[in-house]
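Beneath this line is the structure, given in structure tokens, with notes to follow.
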Amino acid sequence: MIKIYIFLLPFTSAFAIKSFLPLPLIALLVTYILLNFKMLISRKYVYYIFSQDILILLFISIILVSTSINLIYSGYSNKILTHLISYLVTFFIMYYAFRQIIFEYANKNKKVWLNNLSRYFFYSVMFASIFAIVEFYSKNFFYFDIDNLIYRPNVQHMHALAMNQYYRARSFVEEPGHFALFLEIFIPFALIHIKKSKIYKPVQKLLILIMVFAMAITFS
């Protein structure tokens, strides 16, 4: 399941069930639940705790105190509670649960875990990059809005222009800046797979060019 989660990382907007429930979050939750269920069955409980977690708990405590004060003096507000839930989900699911899954996977796969996962980072980055290029050309040169084929609960159509002329590519992400950030973070992992693989050298250069070009057409 961790490999499915990695592949779905760029789908933070496209095909999301709700705006607060994108596909990567669903995959991560399912993976974490299955991991804990497996530990429960085997009765081997391993939780990875680090000293810096104290700082995270301190920060969460500050958020809880701040939220409580806001509720007392400002009254009930959906916005306040929504922000609180988003913070807690971010730290618990997107950080702690993901860290627990990665460490458990690394512990079982020892020296090959990074090579194994880098392959799926490569698949994810390459698939999103190719779609971004198709999106860029279809909108700017063939005047076909490919967003009509992609369900998104929010921001169905993005009219972010570069130089007041070209539609910026966003792929499966909410907006072009977020897609550029995705590429900046995960292209290095994709490069690990390309370097370790036995792909023909000219093909390696083409794959790298595709990723770089996808980054360029975000104009971010």
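The numbers here are math on the coordinates, done by the rules we state, and not lab data. All values derive from a computational prediction rather than experimental measurement. Every residue, glycine among them, receives a Cβ derived from its backbone with ideal geometry; neighbour counts consider all protein chains shown.
Which helices of the chain meet both criteria: a Cα extent of 18 Å or more along the helical axis and a mean Kyte-Doolittle score no lower than 1.6, with helices taken as whole DSSP H segments? Span-like helices in the chain: 23-42, 53-74, 201-216. Over all pairs of different C-alpha atoms, the range 83-220 has a mean inverse distance whose reciprocal, the Kirkwood radius, equals 16.8 Å. When we measure straight from the Cα of residue 38, which aspartates and glutamates land under 17 angstrom away, once same-chain ones fewer than 8 places off are left out? Filter leaves 104. For the range 111-220, the residue among 215, 141, 189 whose Cα projects farthest onto the positive side of the dipole built from Cβ charges is 189. Shown here are the Rg and Dmax of the Cα trace of the range 151-215, at 14.7, 42 Å. Taken over the range 3-134, the ratio of Cα radius of gyration to 2.2 N^0.38 Å equals 1.28.
Over the chain, Cα pairs under 8 Å with separation of 6+ residues give a relative contact order of 27 percent.
Taking 26 Å as the straight-line reach from the Cα of residue 79, the lysines in range (excluding those fewer than 8 positions away in the same chain) are 18. Comparing 165, 100, 156 in a Gaussian network model of the chain (Cα springs below 10 Å), the most mobile by mean-square fluctuation is 165.
By the rule of a C-alpha distance below 17 Å, with chain neighbours fewer than 8 residues away ignored, the lysines paired with residue 205 are 195, 196. Ranking 5, 59, 25 by how far each Cα lies toward the positive end of the dipole of the chain (charges on Cβ) leaves 5 at the top. Normalising the average separation of contacting C-alpha pairs (under 8 angstrom, six or more residues apart) by the number of residues puts the relative contact order of the range 78-180 at 17 percent. In the chain, the DSSP-assigned H stretches of four residues or longer account for a calculated mean residue ellipticity at 222 nm of -21000 deg cm²/dmol, using -39500 (n - 2.57) per stretch and the full residue count as denominator.
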